[in-house]
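Worksheet for the structure shown next.
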Amino acid sequence: LPVGDGDVPGFPLPIENPARKKGVTFLLGRRSNAMGAVAFLALAMCLRPVLFLSSVAFREARFVPGILPVGWTGDASGLDDAPVAGVVRVPRDPAGAEKTIRHALEDARARGLPVSIAGARHTQGGQTFVRDGIVLDMLDMDGMSFDAAANVLTVQAGARWAEILPFLNRRGRSVAVMQSDNIFTVGGSLSVNVHGWQHDKPPIACSVRSLRVMTADGRVLRASRTENPDLFAGVLGGYGLLGVILEASLETVPDEGYVIRRRIIPSEEYVTVYARALGEDPAVGLLFGRLCVAPDRFLKEAVLTSFHRAPAPPSDLLPRPRWPFLKRVIFRGSVGSAYGKRLRWRMEKVFGRWLEPRRLRRNAALNQTPDDFLNRDPSRTDILHEYFIPPENVNAFIARLREIVPRRGGDLLNVTVRTVRRDGDSLLRYADRDVFAFVLLFNQERTPAADERMTAMTQELIDAALDLGGRYYLPYRPHATTDQFRRAYPGADSFRKLKKRYDKDEVWQNNFYRTYLRGNE
Ligand SMILES: Cc1cc2nc3c(=O)[nH]c(=O)nc-3n(C[C@H](O)[C@H](O)[C@H](O)COP(=O)(O)OP(=O)(O)OC[C@H]3O[C@@H](n4cnc5c(N)ncnc54)[C@H](O)[C@@H]3O)c2cc1C
């Protein structure tokens, strides 16, 4: 061995082989170049979303909620805030509640003021108040009990699903029909007659055994399919215009376990795949889909999410939804941003299965809070629309949406699509046959000009729905014309007659009543 020239005599040094050295460097160089390129690409791919989402999070952190002036009230839209004569908090104790409401009704009569009823105030068009009127605030009325023999929940009208779900969860039971979120009250949900991911059910009215209702003269009446059936049909979906619901008895269902399955499909196959999903597995417990709102594939793709009944470990704990902050930032990033909408759709398609659990119980699936995605920017507002379309016209309606929304400049953030079975219970019914419900969430500036632009778009969308044999939903902005309301709700005439019977002096009022029902015979 050659001896090197180092300090340590005789210490063997590796033989220098110039050709090998070149080859190694070459190979290493190639690999490190490739690794470098991959790393650079990965960084570049992550950098934009990371920077984008950080800027959204930063913007979100700076929002300060607006405060209403003393004596004013409003709702989730923030577009119709108005002064009121007073807000009466109805207490939880049943006898005290009745006394308080009776007193408020007498006071209102004496002063010639109208009375409206407010739950969680998530309606968006003044359905819970009227200018200078008296408002009954029902939120303290949140008591509940459970009849284990009949599996029936009896609950005061101010209780929210977020309180009811844990209560039923401890008893292995669940809500039969409710919206896709948990922040709403029972009274508010019954009075608009909500529907949800329960694809095989009519709206919530179908799950009501009976109601206790106080009418304008202070009487408390029981209403069911056999006792005061006209009042029952009118109060469900009756927007607080016939009386105040004090208490409801609701059927419950078992809190079953689900395995979640997601399919990405072209939206024109939505109805076919939806039916196939149910045909393949009759044990589907919940089902809904979401359409893509990214401009490059606008309403052309869909993710269908089905919840298949499967054994699940019993649990009396109700987990919080996963990754709320990340999901919120991804969602809010889509406001006013084509990139944000593309990013959200990509995340939903690629990472959706990791952002949501694969197995869960029904109560956990229903216990979603929209606080995790709703608007916090005081200068803007999120506005919902809903259209109910017969199955044979779903594709035609999607085609109309695809044309109308971009032309009108609507900032569409979300579209979910589910089925609602025919409603045989309520008078002001929107599901007068089996329909697909399109739930559209828009974002707009909180200004009269933006509201006017939204009015024009909404009227065009309502016309599209009506022309296709469909209907629109009433808890949102009062943008429909009275003629559109008449076409969509032929039950309105019978409702007016009922109003004359139970409230001839028009004590119960709200903006919805004044716009569409009062004096519009
Ligand atoms: C994010 C979001 C998601 C939604 N998702 C769905 C959905 O999936 N499906 C669906 O169907 N709807 C949905 N909605 C609409 C929602 O279900 C309704 O707006 C519902 O009325 C809200 O309940 P609330 O407690 O806020 O009612 P409120 O807005 O307080 O009241 C609604 C109506 O009920 C009347 N009322 C309230 N309490 C009583 C009572 N005790 N007696 C008599 N009348 C009363 C009020 O006067 C008012 O007319 C959604 C809304 C939002 C904001």
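The values are calculated or read from the model by the stated rules, or taken from the named source; none is laboratory data. Predicted, not measured: the structure shown is a model, and the values here were computed from it. For neighbour counting, all protein chains shown are included, and Cβ atoms are generated from backbone atoms with ideal geometry for every residue, glycine included. All accessible areas refer to the heavy atoms of the entire protein, side chains included, with ligands and DNA or RNA removed. Shrake-Rupley method; radii C 1.70, N 1.55, O 1.52, S 1.80 Å.
Filtering segment 191-230 to residues that are crowded, with 16+ Cβ neighbours inside 10 Å, within 29 Å of the chain's Cα centre (by Cα), away from the ligand (no atom under 12 Å from the Cβ) and over 29 Å from PHE288 (Cβ atoms) leaves only SER210. Do we find that PRO490 is open to solvent by 20 Å² or more (accessible area, probe 1.4 Å) and away from the ligand (no atom under 13 Å from the Cβ) in this structure? Answer is yes for this residue. Pairs linking a residue in segment 502-521 that is over 16 Å from LEU242 (Cβ atoms) to a residue that is basic (Lys, Arg) and not in a loop (DSSP other than H, G, I, E, B), with Cβ atoms under 9 Å and 6 or more positions apart or on different chains, are ASN520/ARG486; ASN520/ARG496; GLU521/ARG496. Count of segment 163-190 residues, restricted to those that are surrounded by fewer than 20 Cβ atoms within 10 Å (Cβ to Cβ), among the hydrophobic types (A, V, I, L, M, F, W, C) and within 12 Å of the ligand (Cβ to nearest atom), is 1.
Of the residues making up segment 240-263, none is free of Cβ contacts under 8 Å to residues at least 24 places away in the same chain and either crowded, with 21+ Cβ neighbours inside 10 Å or part of a strand (DSSP E or B) (or both).
For the residues ASP80, ASP75, ASP137, ASP142, the requirement of being among the charged types (D, E, K, R), touching a His at 6+ places or on another chain (Cβ under 9 Å) and within 13 Å of the ligand (Cβ to nearest atom) singles out ASP75. So which residues in segment 105-125 are over 20 Å from GLY71 (Cβ atoms) and either open to solvent by less than 50 Å² (accessible area, probe 1.4 Å) or near the ligand (Cβ under 10 Å from one of its atoms) (or both), if there are any at all? Of everything in segment 105-125, those that are over 20 Å from GLY71 (Cβ atoms) and either open to solvent by less than 50 Å² (accessible area, probe 1.4 Å) or near the ligand (Cβ under 10 Å from one of its atoms) (or both) turn out to be LEU105, GLY119, ALA120, HIS122, THR123, GLN124, GLY125. Among the residues of segment 143-159, those that are part of a loop (DSSP other than H, G, I, E, B) and either touching a residue at least 60 places away in the same chain (Cβ under 8 Å) or crowded, with 18+ Cβ neighbours inside 10 Å (or both) comprise ASN151, ALA157, GLY158, ALA159.
Being modelled with pLDDT of 95 or more, near the ligand (Cβ under 9 Å from one of its atoms) and in contact with a Pro (Cβ under 8 Å, 6 or more places away or on another chain): is that true of THR128 here? Considered against the rule, which asks whether it is modelled with pLDDT of 95 or more, near the ligand (Cβ under 9 Å from one of its atoms) and in contact with a Pro (Cβ under 8 Å, 6 or more places away or on another chain), THR128 comes out as no. Could you say whether any residue in segment 68-86 is over 30 Å from SER189 (Cβ atoms), open to solvent by 50 Å² or more (accessible area, probe 1.4 Å), among the hydrophobic types (A, V, I, L, M, F, W, C) and without any contact (Cβ under 8 Å) to a residue 40 or more places away in the chain? No, segment 68-86 contains no residue that is over 30 Å from SER189 (Cβ atoms), open to solvent by 50 Å² or more (accessible area, probe 1.4 Å), among the hydrophobic types (A, V, I, L, M, F, W, C) and without any contact (Cβ under 8 Å) to a residue 40 or more places away in the chain. Here VAL439 clears all of (1) touching an Asp or Glu at 6+ places or on another chain (Cβ under 8 Å); (2) open to solvent by 30 Å² or more (accessible area, probe 1.4 Å) except the condition numbered (2). Among the residues that make up segment 279-297, is at least one of them modelled with pLDDT under 95 and crowded, with 17+ Cβ neighbours inside 10 Å? No, every residue in segment 279-297 fails to be modelled with pLDDT under 95 and crowded, with 17+ Cβ neighbours inside 10 Å. For segment 364-414, the set of residues classified as away from the ligand (no atom under 16 Å from the Cβ), in a loop (DSSP other than H, G, I, E, B) and not basic (Lys, Arg) consists of PRO378, SER379, PRO390, GLY409, GLY410, listed by residue number.
From the residues in segment 506-519 that are assigned to a loop (DSSP other than H, G, I, E, B) and open to solvent by less than 90 Å² (accessible area, probe 1.4 Å), which one is nearest to GLY218 (Cα to Cα)? Full working, then the answer.
At the first step, the residues of segment 506-519 found to be assigned to a loop (DSSP other than H, G, I, E, B) are 506-507, 509-510, 517-519.
Filter again for open to solvent by less than 90 Å² (accessible area, probe 1.4 Å), leaving 506-507, 509-510, 517, 519.
On the way: GLU506: 14, VAL507: 11, GLN509: 16, ASN510: 19, LEU517: 23, GLY519: 25 Å.
Among them, the one singled out is VAL507.
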